[in-house]
Protein chains: 2
Amino acid sequence: MGTPLDWLPTSEFERVLRCVDDRHDRSRAFAAMTRVNTLYMVMRAGSGHLGSSFSAADIVSWLLLNELRNPFDEDGDVYFSSKGHDAPGLYAALIGLGQLPEPLLHRLRRTGGLPGHPDVHTPHMPFNTGSLGMGIAKAKGLVLADRLLGRSRRVYVLTGDGELQEGQIWESLAGAAHRAMGELTVIVDHNKIQSDTWVRDVSDLGDLEAKFASFGWGVLRCDGHDHRQLDAVLRGRAERFPDRPAAVIADTVKGAGCPTFSATTSMGHGERLYRFHSGAPATAEYRSAHAELVGTANELLRRHGLAPLAPHRDGDGDRDGVAARATADGPRLPEIYGKALVHRARRDDRIVALDADLVLDTGLIPFSRRFPERFIECGIAEQDMVSVAGGIAARGLLPFVHSFSCFLHARPNEQIYNNATEGRRVVYVGSLAGLLPAAPGHSHQAVRDVSAVGAIPGLVVLEPASPAEVRAAVDFCASTSSSVYLRLVSAPCPPEVADLRTGPLVVGRGRTVRDGGRTVAVGSGPVVLTELLRAADLLAGDGIDLTVVNLPWLNRVDPAWLADLADRADQLFVVENHYTHGGQADLLARALLELKLPTTPRLHGIGLTEVPTCGTAGEALEAHGLSAARLAGSVRTELLHGARPVPVPVPTRDGARPVPVPTRSPAGSPTTSFTRST
Amino acid sequence: MGTPLDWLPTSEFERVLRCVDDRHDRSRAFAAMTRVNTLYMVMRAGSGHLGSSFSAADIVSWLLLNELRNPFDEDGDVYFSSKGHDAPGLYAALIGLGQLPEPLLHRLRRTGGLPGHPDVHTPHMPFNTGSLGMGIAKAKGLVLADRLLGRSRRVYVLTGDGELQEGQIWESLAGAAHRAMGELTVIVDHNKIQSDTWVRDVSDLGDLEAKFASFGWGVLRCDGHDHRQLDAVLRGRAERFPDRPAAVIADTVKGAGCPTFSATTSMGHGERLYRFHSGAPATAEYRSAHAELVGTANELLRRHGLAPLAPHRDGDGDRDGVAARATADGPRLPEIYGKALVHRARRDDRIVALDADLVLDTGLIPFSRRFPERFIECGIAEQDMVSVAGGIAARGLLPFVHSFSCFLHARPNEQIYNNATEGRRVVYVGSLAGLLPAAPGHSHQAVRDVSAVGAIPGLVVLEPASPAEVRAAVDFCASTSSSVYLRLVSAPCPPEVADLRTGPLVVGRGRTVRDGGRTVAVGSGPVVLTELLRAADLLAGDGIDLTVVNLPWLNRVDPAWLADLADRADQLFVVENHYTHGGQADLLARALLELKLPTTPRLHGIGLTEVPTCGTAGEALEAHGLSAARLAGSVRTELLHGARPVPVPVPTRDGARPVPVPTRSPAGSPTTSFTRST
């Protein structure tokens, strides 16, 4: 912590662009310098994608400096990245070109700064990418709109190679050829490594040139780090394929540009996992990589008789940066989950685990090692994975399907429903659920998953809050007769919930985690329960004794349990790590009214109402009203304004006005009998 | 109406199978006979897919009779159709083989009969298909499970060629090659016509053999109507590609088997729309086709010295069949919509319409003719279409995106959300929304769309009920600042709602369509409102004066409007053409409780709780409690059991028990003041 970090001001880029007259060397030096700043940004943010930014840096530099016509003008050529996680590299280039303000260098993955994945609110980002596979289709939309508007712009899209496993990529190719889109060029950053490991080991791409060609595209190929080759290939593109979309397969190396991160030098012989896909490197790695990158640039400058680079330093005194880099502690539920799954699978050989290239992040490494034959790596192919699971379930086995929740609930939404209509039992495990971590941005923040799958018949949505509850959840998933969508928060469990105990899980029933008065807050998962427990501490000072209830079921509630809860509550706050619409508040409101209880508590739902912000955990919780302080504030406000008695009319079976509301009898039973008009 | 229809009993198939000793001729005769019964089933049902059943009939016959090993045994080879709409043909073959009971011939698309698309509850249907593109992945699941279980079965999947436009097809190919799935054979029924027209005009498939080969698959090709070629190609498949999945591209003709339906003979020169993709033919076409098919079979029988076929006749006396074939009358909202869109687009040149191969069913033919340059046919590629729309919207145009609602809300679910996170304005128009028509079965019944997209920020879900409301809805879509999901019921509008007037639409506000008493039913769309108006008539006889309110907004409610409604209601019934979870009942319940009104009516939601049934409209409405009679019954029951007064506790700001509920003061204001404990 507190390592001094060096960065290059925009003025240094200006100097190099001005003084290096060979355009290949200028582009090479520029690329090396963007890598310096990319490394700085990721180190400072504490996370971000280095490997992919580095593999694309030469392509991006060449395009922006030489190939694109007026890329920063309204009517100019367009470039964007479909994979999107190479955003830090693109930001660094745009800052180097003076197209984004220099101070944003220090604000990667912060609220009001530069999001972890591209967002249209940042200048020169035409699309929100990071959800893979959409870029070519978006580019086609630009081309079609430009044709309608009578404008002529060229569109360049960068894709990953792992990204090519997404079906939407291939879905989008035919239409572009069909409409003779000579305006469209796709560049494949063919670095051969996807999130976890080698593309060829996950789901080999086979003959990539033949694939694009078979869809009617022109195909070109070059070394994506060789600026002369990039130059030649891109210059020849229009001539060779004037009326066809073209794919440039750019052979690159993940982490290219410095030996520390380069896949060719950083991975030992036979090593399978590349270590610099995402996340900040260790200090020693930072230092060596920084030195290597600056050395590369300086060597180019020296050749052109220029003074070496003069980086600026962000030091120990920069508390803000240090704070952002501080890593939260506590157990991580996906890791607990992965161990629990192994434990369960030892005595249940029906269990099969399917993964979509996120074995590191879904806790599946222990399972994949212990049961390699029962582990199926599907690649970045969520629809395929879910339908494969349906086929496996059809044979009586029990598939557990894994991805980030942001992708799992949405990309294969119809496939999950299709499995449900067959009555197949499948367990869907979505990690990285909810608002946190907020650093990657909205493409990775799953705050719509409950609503998007909650209505699927026979599918129970369950969000455990603690390690103990995760273990109980795995047992539930393996033994229930329902399908389950298991919503796993990946942010570390704070101490408030890390030791939370649980009994066996009973569908639709919750458990009080803090006894208090008749103001009751209901929520699920580690993020909400932690903030609620902290809010309760804040409210205690005001004489408000908040009861906090953990209801881990997000689309089921047991009427008897709810009636009992309602009996103990005057006011229910339902707090959700999700949009307010379609979650637990809707569920409980409807269930409460349908209970026909003698008394009905008030209800107030708290959750997200807008697209989630990118930032630190604290920034995001605060922005969306989910921090302890803001939750306490909401409770206070509601109690002040909502604390009025609520007479309820007597329903009658006709069109007459209601009879007066009766007083409650001592036993609490109603004193007015049913009346019927003629 | 009332045309006598002829069908072949299973005993006739048995005779032919027993007596024709040449296996190619046996298979040919069998195929011709399945076509006779397919035509019968579709005529009797009043709808169904002839063209695709006929193009696949020779393939299916050859596979079932000759290629598959023990296809009806637990451990035998598996065959299924991924496209699924060729189900009538497969049913006819299974009935011919005695593998399904003969009486089911008369029960296509009826509750308790044979669903419009395959369903696992029918014997020998391993999967629910009809949602395109999932079949290869499901088959891979079978292969992987079989490998784990130590069994060896071969799996044969039939796909359409239009279906190959779906990205999931290509997403699923790489994994099969990666895992060397010699067990898996895909047969492409390459009939060159998708739902609406020629595949080459929609989105040309290009070099199909090269495509499969580039994904590492073995590729074979044959005439899909030539039983000798099918024999040879399938026999050679294992030898040629022992350790690879293989695709057999079977060149076929849509509607093959009789000149009346064959695309080569039924389409005039330059004619674009094939008329027999779905739906029952006219009587004259039935008669000629039936004669041609029987003639083909009889010629084969004659060659083998056998007596001609002896069909049975289902005549005029068959009221049940006639009833099922009766076509409902009334305006169809997609048609009204299409005209309204043209009208609006005349004065708004931002409007662009995108379609996913359902131009006939989404009302877009007038638009495509009037504004060909602003009409974009995307093919069966919903994800691509939605992201293309995002690109078009990025240039300031206003895309209207069209498909069946069952596909539109689910397949591109993540892509719709992605557009929303960019704040792009896109109008999504999903026709065929809701439970009806129930004949196609659950793959086509969109009863989960509201929940699946309802939480997307900035997206308003709107379901118009009448022609006038559709026209208002189009104006709303074109002029609002939100994105809109327009939910269009395709079943004809009954007279009760066909003339329903509407004023300008105001978000979240409904309109009373039947004035009545304080028992209020809320709903939207023609199906629900019709049944509610009919239920009101039934209830009037019991002295219950039901107020019926049309609230066309499915994820928005105006608090002031709701407060006013609540003031006029003791009991709210919220009736939905949708699953009960995630729809209007949840929305209104939550909003009611959060209103903090002095009085809160009871609420009771009515909607689907299970996967929708296939059948006639009457069967489906009755089965799911949405017929007028069942709605009236629900209202009666609730009023009998729910009509008790409901005291509500006074919220306090502490943990004390509630103070007694006060009587209501004459002015209706509370008499108990806020209390606070220490």
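The values are calculated or read from the model by the stated rules, or taken from the named source; none is laboratory data. Not measured: the values here are computed from a predicted model. Positions of Cβ are backbone-derived with ideal geometry, glycine not excepted, and every protein chain shown enters the neighbour counts. These area figures cover heavy atoms from the full protein model, side chains too; ligands, DNA and RNA do not enter into them. Shrake-Rupley method; radii C 1.70, N 1.55, O 1.52, S 1.80 Å.
Residue A:182's amide H: which non-local residues (gap 5+, or another chain) put their own amide H closer than 5 Å, with H modeled 1.01 Å from N in plane and none for Pro or chain starts?
Amide H neighbours of residue A:182, under 5 Å, 5+ apart: A:244.
When only C-alpha pairs under 8 Å and at least 6 residues apart count, what is the relative contact order of chain B, in percent?
12 percent
Assuming a ≥ b ≥ c are the square roots of the Cα gyration tensor eigenvalues, decide whether the range B:465-521 counts as rounded (a/c under 1.5), prolate (otherwise, with a/b larger than b/c) or oblate.
It comes out oblate by the Cα gyration axes.
With no solvent and one equal point scatterer per Cα, compute the Debye intensity ratio I(q)/I(0) for the range A:393-498 at 0.12, 0.17, 0.23 Å⁻¹ and report its log10, rounded to two decimals.
Taking Cα atoms of the range A:393-498 as identical point scatterers yields -0.39, -0.76, -1.27.
If amide hydrogens are placed 1.01 Å from N in the peptide plane, which non-local residues have theirs closer than 5 Å to the one on residue A:483?
A:426, A:460
For residue A:287 and residue A:304, calculate 0.36 nm times their separation in residues minus their Cα-Cα distance, and state this gained length in nm to one decimal.
3.5 nm
HN-Hα J couplings of the range A:26-42 from phi, Karplus 6.51/-1.76/1.60, θ = phi - 60°, integer Hz, Gly and Pro as x?
Working through the residues one at a time gives 4, 5, 4, 5, 4, 4, 4, 5, 5, 5, 4, 6, 4, 4, 4, 4, 5 Hz.
Can you tell me the relative contact order of the range B:240-313? Whole percent, Cα pairs under 8 Å, sequence separation 6 or more.
The normalised contact order for the range B:240-313 reaches 20 percent.
On alpha carbon coordinates alone, what is the Rg over Rh value for the range A:524-651, Rh being the Kirkwood radius?
The Rg/Rh ratio comes out at 0.97.
So, counting K/R as plus one and D/E as minus one, what does the shell of residues with Cβ under 14 Å around residue A:255 add up to?
After counting each charged neighbour, the total is -2.
Once every DSSP H run of n ≥ 4 in chain A is given -39500 (n - 2.57) and the sum is divided by its residues, what mean residue ellipticity at 222 nm do you get, rounded to the nearest 500 deg cm²/dmol?
Result for chain A: -12000 deg cm²/dmol, rounded to the nearest 500.
Scattering from the C-alpha atoms of chain A alone, worked out with Debye: what is log10 I(q)/I(0) at q = 0.09 1/Å?
With no solvent term, the Cα-only Debye profile gives -0.81.
Assuming R0 = 45 Å, what is the FRET efficiency of residue B:149 and residue B:201, from their Cβ-Cβ distance, to the nearest 0.05?
Efficiency, rounded to the nearest 0.05: 0.50.
So how many Å³ per residue does the convex hull of the Cα atoms of the range B:100-247 work out to?
Enclosed volume per residue, from the Cα hull, is 140 Å³.
If you take every DSSP beta bridge whose two residues both sit in chain A, what share of them, in percent to the nearest 5, is antiparallel?
Among the beta bridges of chain A, antiparallel pairing accounts for roughly 10 percent.
Share of chain A's accessible area from carbon and sulfur, percent, 1.4 Å?
Carbon with sulfur: 50 percent of the solvent-accessible area.
Give the nm distances, rounded to one decimal, from residue A:618 to the matching residue in every other copy, measuring between label points 7 Å along Cα toward the beta carbon; shortest first.
With the label placed 7 Å along Cα→Cβ, residue A:618 yields 6.9 nm.
If you count only protein heavy atoms and use a 1.4 Å probe, how large is the accessible surface of residue A:567, to the nearest 10 Å²?
Here the accessible area works out near 80 Å².
Shortest first and in nm with one decimal, please list how far the residue A:239 label point sits from its counterparts in the other copies (point 7 Å along Cα→Cβ).
Distances to the matching label points in the other copies: 5.0 nm.
Computed FRET efficiency, Cβ-Cβ of residue B:73 and residue A:475, R0 35 Å: what is it to the nearest 0.05?
0.50
To two decimal places, what compactness ratio does the protein assembly as shown give when its Cα radius of gyration is scaled by 2.2 N^0.38 Å?
In units of the globular-protein estimate, the protein assembly as shown measures up at 0.94.
So the label point sits 7 Å from Cα along the Cα-to-Cβ vector; using that for residue A:270, what distances do you get to the other copies, in nanometres, sorted shortest first?
Shortest to longest, the spacings are 7.1 nm.
What distance in nm separates the two pseudo spin-label positions at residue A:21 and residue B:23, each 7 Å out from Cα along the beta-carbon direction?
8.0 nm
Alpha carbons only, please: Rg and Dmax for the range A:67-151, in angstrom.
13.4, 40
Treating only the Cβ atoms of Lys and Arg (+1) and Asp and Glu (-1) as charged, compute the dipole magnitude of chain B about its Cα centre; round to the nearest 20 debye.
The dipole of chain B has a size of about 1260 debye.
Relative to the first principal axis of the alpha-carbon coordinates of chain B, what is the inclination of helix B:382-394, with its axis defined by its Cα atoms, in degrees from 0 to 90 and to the nearest 10?
For helix B:382-394, the angle is close to 50 degrees.
Got a sec to turn the phi values of the range A:560-568 into Karplus ³J(HN,Hα) couplings, 6.51 cos²θ - 1.76 cosθ + 1.60 with θ = phi - 60°, whole Hz, x for Gly and Pro?
Per-residue couplings from phi come out as 5, 5, 5, 4, 5, 4, 4, 5, 9 Hz.
Over 25 Å, how big is the tail of the calculated P(r) for the range A:184-284, in percent of all Cα pairs?
31 percent
With θ taken as phi - 60° and the coefficients 6.51, -1.76 and 1.60, list the Karplus ³J(HN,Hα) couplings across the range B:208-218 in order, rounded to whole Hz; mark glycine and proline as x.
Couplings: 5, 4, 5, 4, 4, 4, 5, 8, x, 8, x Hz.
At what distance in nm do the modelled label points of residue B:273 and residue A:238 sit from each other, each positioned 7 Å from its Cα along Cα→Cβ?
Roughly 4.2 nm, to one decimal.
How far, in degrees from 0 to 90, does helix B:333-347 lean away from the longest principal axis of the Cα atoms of chain B, to the nearest 10?
Rounded to the nearest ten degrees, it is 80.
Near the amide H of residue B:401, under 5 Å away, which other amide H atoms are found, from residues 5 or more places off or on another chain, if H is placed in the peptide plane?
When sequence neighbours closer than 5 places are left aside, the close amide H contacts are B:354, B:427, B:428, B:429.
Please state the equivalent ellipsoid semi-axes for the range B:8-71: what are the square roots of 5 times the Cα gyration tensor eigenvalues, largest first, in whole Å?
Equivalent-ellipsoid dimensions as semi-axes: 22, 14, 9 Å.
How long is the range A:534-608 along each principal axis, judged by its Cα atoms, biggest number first, in Å?
For the range A:534-608, the Cα extents along the three principal axes come out at 36, 29, 18 Å.
Find the relative contact order for the range A:113-262 and round it to a whole percent, using C-alpha pairs within less than 8 Å whose residues are 6+ positions apart.
Across the range A:113-262, relative contact order equals 22 percent.
Can you pull out the buried accessible area for chains B and A, both sides counted, probe 1.4 Å, rounded to the nearest 100 Å²?
About 12700 Å² of accessible surface is lost on pairing.
Ignoring ligands, DNA and RNA, what accessible area per residue does the protein assembly as shown give at 1.4 Å, in Å²?
So the protein assembly as shown comes to 31 Å² accessible per residue, rounded to a whole number.
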